Amino acid sequence: MKVSRSLFWDDLERKLENPEFLRAYVIESIRISTVDAILGQLDEVREEIGITKAELARAIGAEPASLRRLFASNAVNPTLGTLADMAAALGLRVSLEPMPVGERRQVSKSLLEGRTSDAKRLVKNLERVKARTSRTPAVA
């Protein structure tokens with residue numbers, strides 16, 4: 001098992017040397033965690049105020065089945081407009097917040113320069129971001 005982990009890291013580190021791959025990897029990781037966090041918060045508020053997914057869909061002019069899929073899938077990419085519409089219907093608004101300083105430096109530098117001095121640290125940082133924002137409930 002340790003061998004496959006080493007092969008994984010070796011392969012990923014090699015791929016992250018390519019600026020295009022690095023940027024795509026970072027962007028996709030951040031996008032997934034951001035969308036996941038926003039959808040999770042919207043769904044929590046929706047449940048707290050007692051609105052069904054169908055009612056929320058009607059409020060924003062969407063098909064109920066589309067909204068159910070949006071909340072049920074981990075492989076979604078809603079538009080910012082859709083997220084803003086759902087937020088507004090729930091009495092919220094979507095806003096930006098700065099990343100913690102260390103994370104911001106690492107992510108921004110990787111995207112702006114197309115390289116990283118520590119690929120393993122970058123990947124672990126992105127995995128932590130995803131874990132923090134995951135809609136999957138933690139096991140108690």
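Read the figures in this text as sums done on the coordinates, not as results from a lab. Quick caveat, the model's predicted, so the values are computed rather than measured. Every residue, glycine among them, receives a Cβ derived from its backbone with ideal geometry; neighbour counts consider all protein chains shown.
Quick notes on this structure:
- Net length available on complete extension from residue 37 to residue 109 is 23.6 nm, with 0.36 nm assigned per residue and the Cα-Cα distance removed.
- Each helix, a run of at least 4 DSSP H residues, gives -39500 (n - 2.57); summed and divided by the residues of the chain, these come to -23500 deg cm²/dmol at 222 nm.
- Computed about its Cα centre, the charge dipole of the chain is approximately 360 debye, with only Lys, Arg, Asp and Glu carrying charge at their Cβ.
- Theoretical gain in end-to-end length, residue 54 to residue 27 [0.36 nm per residue, Cα-Cα removed]: 6.6 nm
- Overall shape of region 19-133 was characterised from the C-alpha gyration tensor. The equivalent ellipsoid obtained from it has semi-axes of 32, 13, 12 Å, in decreasing order.
- Each residue of region 79-95 is assigned a 3J(HN,Hα), and the resulting list reads 6, 4, x, 5, 4, 5, 4, 5, 4, 4, 4, 9, x, 10, 9, 7, 9 Hz, derived from the Karplus form 6.51 cos²θ - 1.76 cosθ + 1.60 (θ = phi - 60°), x at Gly and Pro.
- DSSP-loop GluC sites (Glu not before Pro) across region 22-73, with at most 11 other Cβ within 10 angstrom: none
- Between residue 69 and residue 13, the contour length at 0.36 nm per residue exceeds the Cα-Cα span by 16.7 nm.
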